[in-house]
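The structure appears right after this line, and notes come after that.
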Amino acid sequence: MLDNLEKFCNLLRDTAEINIDPLQRGGILTPEARAALLEWGDGYSVCDFCAGRLDRIKTPPVEEFVHDVLPEFLGTDEVRVTHGAREGKFAAMHALCEKGDWVVMDGNAHYTSVLAAERAGLRIEYAPSSKEPDYAISAEGFIEAIERAYEQKGNVSLAVLTYPDGNYGNLPDVKAIAYACHDYSVPLLLNGAYSIGRMPVNARELGADIIIGSGHKSMAASGPVGVLGASEEYAKPIFRISSTKKNKEVELLGCTVRGAPLLTLMASFPAVVERVRHWPEEVDKARWFSAEMEKLGMIQQGERPHNHDLMFFLAENLYDISQRAKKGRYFLYRDLKERGICGIKPGLTRQFKLSTFGLGRVELEKVLQAFSEIIESYRPT
């Protein structure tokens, strides 16, 4: 095997002109971040300037970014940079909960929230979503889930809310859910992997005690990288210092991101702050696109009117085509790719997710035209 390694030297992406993948729309690097990627791409490049605490590096200005800029942006007292949203969730759960405790989370929760709880030795009670097509999450659902957990004679030590969820792009009423959780003295962790960096999110204003973000999903960073913020009460246990290794925070295993992911996060940040100000335009664009897709026979699932760029569509007409197309269920991926569009996973036709974030009207009209052409090309004669 070691005699034939050339294949690892030419690693090109199979992409297209327009990418509508929700995982990637918010993570596209700015020109400044691409320059930082080259400048700081070597392994532990940032560590040349570290005196023992990653978040206290002054040049480049990591300390100012972590301790001044990010707390203001997120609306928290303390923030740290993590390897990703999932690592932030686990750090919070491990610090705030005891093994065997209950964590309540929404029925649309990302799988990493479940794995983080499992890894921390926690039991999960779900606040289920409503039935299709809305899949909505309510404060009443959280109240009932908390009470069910207490009935099982357990301690409910944390609640997790996905905002928005990664399937339907629903934005639950955070304030109402936070109020309900606090009424039971349960802190709320807000998973903002698809919101922080795309739209305005302020933990203090929403009532969230801990907040999680994803740099590579929504903050135009190369990743993997995330942010973890907390109010003063919960920051103390989450960011506690080791009793044996001075200046090292236990839950973060000392230091986290030490190179290009952190510097691309910083380099993109001015553009991220600016684009958040234009969020209402993104919502209007998503609603227009959804309406146009429905004219072509696809039905958007999730809340209406929709309030996020991530959308989920049911497409029975495309599924019907897959039953007779020569390319089978892969026809949609290939036919879109031929028209310069990628982002829908190969093999998906009956249902799929996409995102309009950061795309212009002309680009989205091209996407709609592609769907229209594909449907028409398979129309029985």
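A few notes on this one:
- Residue match in the range 239-249 (condition: closer than 19 Å to residue 74 by Cα and assigned to a helix (DSSP H, G or I)): no
- When the criteria are applied in full, residue 243 meets the requirement of being surrounded by fewer than 18 Cβ atoms within 10 Å (Cβ to Cβ) and more than 18 Å from the chain's Cα centre (by Cα).
- Exactly one residue out of 293, 219, 298 is buried (at least 18 other Cβ atoms within 10 Å of the Cβ), farther than 22 Å from residue 84 by Cβ and out of contact with any Asp or Glu (no Cβ under 9 Å at 6 or more places or on another chain), and it is 293.
- Among the residues of the range 289-321, just one is assigned to a helix (DSSP H, G or I), among the aromatic types (Phe, Trp, Tyr) and out of contact with any Lys or Arg (no Cβ under 6 Å at 6 or more places or on another chain), namely 289.
- Note on the range 356-379: residues that are assigned to a loop (DSSP other than H, G, I, E, B) and within 23 Å of the chain's Cα centre (by Cα) total 5.
- Residues being at positive phi and in contact (Cβ under 8 Å) with a residue 60 or more places away in the chain - total across the range 198-224: 2
- Residue in the range 54-76 that is touching a Phe, Trp or Tyr at 6+ places or on another chain (Cβ under 9 Å) and within 19 Å of residue 163 (Cα to Cα) present: yes
- Cβ pairs under 7 Å, 6+ apart, first in the range 151-176 and of a type in the set (Lys, Arg), second surrounded by fewer than 24 Cβ atoms within 10 Å (Cβ to Cβ): 175/206; 175/207
FYI, it's all coordinate maths here, none of it is from the lab. Every value quoted in this text rests on a predicted model; they were computed, and no experiment measured them. Every residue, glycine as well, gets a Cβ built from its backbone with ideal geometry; the counts of neighbours run over all protein chains shown.
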